[in-house]
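Asks: Provided herewith is a single structure, encoded as C-alpha cells, for subsequent inquiry.
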Amino acid sequence: MSVREIDAARLADAVARLYVSACLHLSPYVEEKLRDFGNPYIIENFETNGAIPLCQDTGMAAVYLEVGQDVHITGSIPDAVDEGVRRAVRDGYLRASIVTDPLRRTNTGDNTPACLYTDIVPGDRVKVTVVPRGFGCENKARIAMLAPADGLEGVKAFVLETARLAVPDACPPVTIGVGLGGNFDRAAYLSKKAVLRQGPNPDPFYGALEAELYKATKKFSLAVNILTAPTHIAGLPCAVSIGCHSLRCASEVL
C-alpha cells in the first residue's frame, strides 16, 4: 500500500489561511442560522464587515486535524501548526492573546502555541479545521461528573443551567455543544466538537433531546448539538461548550 506524503509547509500554509478566514468571514451555515434567528442588527454588522475581524478577541487557536492513516506528513506537525498561527497573526493583524504561563502571564506575542487535536481516520487526506476560540465563550464552558442515577433529567438540568449562566457574557445567540460519555477529558472534547456540528443528529433519540433543549433556549440560541461516547458503568460525564453568534471556524482538505 502506498503512502501519500504531505510537506509540513503545506499544513502551515493552510493553518495561516484558515485562521485569518475564520476571523474575518462568517461560514455560510452560520450566516443562514443568524438570518433565521432574525436580529437585523447582527446581520447589518456582518454585512458591513469583511476587512476587519468579526470580533476583537481573535481567540486561542484550536486546530483539529483528521489525519488519514495512509498519509505521512514530512516535518514537525506541531511546529507547522504554530508557524501557521504565527503567520496569521502577523499578516492578518490579529490580536495576540496567549500567555506563556497561567500565573506568570507573559504574552507570547504571536498567539502560539495552538491547541492541537488529532484524530486518525481512514484514507490519504488531511482535513484541517481552525477554530479561533474567544474566551467570552470559553470561560462559560462547564463539566459535571454526573452519577448514572442523575439520568436524562440531570443532563437536561445541567445543560440548561449552563446555557442560562453563559448568555450574558457569551455574545448570543449562542450555539450549545454537549458532550456526553467517555471520561472527564473526552466529554469536554466532544462538547467542543459538538459546537461545530452542522445539520441534524443522526440518532433519533438524541435528535429529539436536542429539539427539546433548543425549544427551551431558542430565545438566545441558534442550536443545541450533542455528541456522545461510551462510558463507564459508574459514570455519566456531561460537558457543555458555548459558541458565540459568529461561531468562527474554517476547514480545508489537503
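Asks: Residue by residue through the stretch 37-83, note down the ones that are more than 21 Å from Val15 (Cβ to Cβ) and in contact (Cβ under 8 Å) with a residue 60 or more places away in the chain.
Replies: Of everything in the stretch 37-83, those that are more than 21 Å from Val15 (Cβ to Cβ) and in contact (Cβ under 8 Å) with a residue 60 or more places away in the chain turn out to be Phe37, Asn39, Ile42, Phe46, Asp70.
Asks: Among the listed residues Asp7, Asp82, Asp70, identify the single one that is under 19 Å from the mean Cα position of the chain (by Cα) and of a type in the set (Asp, Glu). Talk me through it step by step, then tell me what you get.
Replies: Numbers: Asp7 fails: under 19 Å from the mean Cα position of the chain (by Cα); Asp70 fails: under 19 Å from the mean Cα position of the chain (by Cα).
Only one candidate qualifies: Asp82.
Asks: I'd like to verify a number: residues in the stretch 14-68 that are modelled with pLDDT of 90 or more, of a type in the set (A, V, I, L, M) and surrounded by fewer than 18 Cβ atoms within 10 Å (Cβ to Cβ), how many?
Replies: Counting residues in the stretch 14-68 that are modelled with pLDDT of 90 or more, of a type in the set (A, V, I, L, M) and surrounded by fewer than 18 Cβ atoms within 10 Å (Cβ to Cβ) gives 0.
Asks: With Val89, Val99 as the choices, which residue is aliphatic (A, V, I, L, M) and touching a residue at least 12 places away in the same chain (Cβ under 8 Å)?
Replies: The conditions single out Val89.
Asks: Looking only at helices (runs of 4 or more DSSP H) that lie completely in the stretch 140-243, which have at least 2 residues being in contact with a Lys or Arg (Cβ under 6 Å, 6 or more places away or on another chain)? Give the derivation first.
Replies: Working: elements: 151-166, 184-196, 204-217.
Output list reads 151-166.
Asks: In the stretch 230-243, which residues are farther than 16 Å from Ala147 by Cα and either at pLDDT below 95 or more than 10 Å from the chain's Cα centre (by Cα) (or both)? Spell out the reasoning first.
Replies: Applying the first criterion (farther than 16 Å from Ala147 by Cα) to the stretch 230-243 yields 240-243.
Answer for the stretch 230-243, where residues must be farther than 16 Å from Ala147 by Cα and either at pLDDT below 95 or more than 10 Å from the chain's Cα centre (by Cα) (or both): just Val240.
Asks: Please specify each residue of the stretch 106-128 satisfying the condition of being of a type in the set (Gly, Ala, Ser) and over 18 Å from the mean Cα position of the chain (by Cα).
Replies: Going through the stretch 106-128, the residues of a type in the set (Gly, Ala, Ser) turn out to be 109, 114, 123.
Within the stretch 106-128, Gly109, Gly123 meet the criteria.
Every residue, every condition in (1) surrounded by 13 or more Cβ atoms within 10 Å (Cβ to Cβ); (2) over 14 Å from Leu247 (Cα atoms), yes or no:
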residue: Pro148; (1), (2): no, yes
residue: Val155; (1), (2): yes, yes
residue: Pro172; (1), (2): yes, no
residue: Ala188; (1), (2): yes, yes
residue: Asn201; (1), (2): yes, yes
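The values are calculated or read from the model by the stated rules, or taken from the named source; none is laboratory data. Treat the numbers as computed from the prediction; the structure is a model and nothing was measured. Using ideal geometry, Cβ is built from the backbone for each residue, glycine included, and neighbour counts are taken over all protein chains shown.
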